[in-house]
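Report on the structure given below.
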Amino acid sequence: MKVLVTGGCGFIGSHVADFYLEKGYEVVLVDNLSTGKIENKNPRAVLYKIDITDDALKEVFEKERPEIVNHHAAQISVPYSVENPLFDARTNIEGTIRLLELSVAYGVRKFVFASTGGAIYGDTEIIPTTEDCTPEPRSPYAISKLACEKYILFYHYHYGIDYAILRYSNVYGPRQIPHGEAGVVAIFTEKLMAGEHPVLYHYPGEESGMIRDYVYVKDVAVANMIVSEERKTGIFNISTGTGTETLKLYEKIKKALMEEGVKVKEEFNQPRRAEARPGDLRRSVLDPKKAKIELGWEARYNLDDGIRETVKWYVNGKN
């Protein structure tokens, strides 16, 4: 079985590619390396350094003939999408449509799409949030991801292509970069290791910061494998169902660093505070029950264990 992973040198995509290879799949990567890193490439995978909006993408499909497309390439920053909505739309929407067109033309069996849970649902009162909650996207990034979902449904109904849409909560783990909608773990870790004072963004009167649902990247990779191997079509939250305040996350990261021998300045016991940015949500916690019932998937890593593994990776030189 051959799978094409877009964004396969990125944070999540590279873990997904590794997991496919462990299970015996042939893996082809497409990544323009704008945010992905060549050191994340698995040596057993084939890499095409191509943007998903390029016409050259057709040549990859013509040569490789993948049976599964796993689409992780994207513009991933909420603040950047607010500043540059046109670039966000070109990358996320146009790139996805191009992949769908080629998937139909070359007989792809299944299209797996990495979507976003928190950003799409917005500041809903339904916590934890289920898949049938009405989307209230508050940023161009969230709007583009929701639009991609709608295009995937269109291609499913009109061309019969099988699909699975995975709405991630805040994914963290080794290889994460300090950008994107869930980059806070990487930001806090890298700044504390560099002797810099991290910033906690919050709304007035909520100094402990926003509440997020943090899911470990290896658990996310397992979810991708399950939907690739089973004839399961639909939209699934991939999350823990547990919310954590940003201040509590900061404390867990600081503790894990100190356990690894990293000296954290006493004045950094508390992060600096700054007002929330455009597009920041107050709360985002997703309900994972549907994934557990229909896919047999649930998060295995708790936050403490995941943070410890992540911090070890940073401390050991990102190896």
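We did not get these values from a lab; they are worked out from the coordinates using the rules stated. It should be emphasised that the depicted structure is a prediction, and the values quoted were computed from it without experimental measurement. Note that each Cβ is placed from the backbone with ideal geometry, even for glycine, and that neighbours are counted across all protein chains shown.
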Subject >> Gained length - Arg109 relative to Ala147, 0.36 nm times residue gap less alpha-carbon distance >> reply: 11.5 nm
Original post:
Can you list residues whose amide H is under 5 Å from Leu200's amide H, if they're 5+ apart or on another chain and H is modeled 1.01 Å from N?
Top reply: Arg272, Arg273, Ala274
Subject >> Residues whose placed amide H lies under 5 Å from that of Thr129, excluding near-sequence neighbours >> reply: Val285, Leu286, Asp287
Subject >> Bridge type composition, the chain - antiparallel percent by DSSP, nearest 5 >> reply: 5
Original post:
Given (i) 37, 25, 20; (ii) 29, 22, 19; (iii) 31, 22, 18 as candidate values of semi-axes √(5λ) of the Cα gyration tensor in Å, which corresponds to the one derived from the coordinates?
Top reply: (iii)
Original post:
Among residues other than Arg273 whose Cβ falls under 12 Å from its Cβ, what is the net charge (Lys/Arg +1, Asp/Glu -1)?
Top reply: -2
Original post:
Of the residues Gly107, Gly183, Gly209, which exhibits the maximal mean-square fluctuation in a Gaussian network model of the chain defined by a 10 Å Cα contact cut-off?
Top reply: Gly107
**OP:** Could you please state, rounded to a whole Å, how far the C-alpha centre of region 193-236 is from the C-alpha centre of region 102-157?
**Re:** 16
**OP:** Work from the charge dipole of region 110-175 (Cβ charges, +1 for Lys and Arg, -1 for Asp and Glu, about the Cα centre) and give the residue of Thr124, Pro174, Ala147 farthest towards its positive end.
**Re:** Pro174
Subject >> Tilt relative to the chain, helix 184-193 - C-alpha long axis, 0 to 90 degrees, to 10 >> reply: 50
Original post:
How big is the Rg/Rh ratio for region 1-108, C-alpha atoms only, Rh by Kirkwood, two decimals?
Top reply: 0.97
Subject >> Cut-off under 5 Å, modelled amide H: who pairs with Leu47 long-range >> reply: Leu29
**OP:** With 31 Å as the limit, write out which pairs from Lys248/Lys289; Lys2/Lys255; Lys23/Lys254 have Cα-Cα distances beyond it, or answer none.
**Re:** Lys2/Lys255; Lys23/Lys254
Subject >> Label point 7 Å beyond Cα of Glu206 along Cβ direction - residues of region 110-145 with amide nitrogen under 16 Å >> reply: 118-129, 136-139
Subject >> 222 nm mean residue ellipticity, helices alone, for the chain (DSSP H n ≥ 4; -39,500 (n - 2.57); rounded to 500) >> reply: -11500 deg cm²/dmol
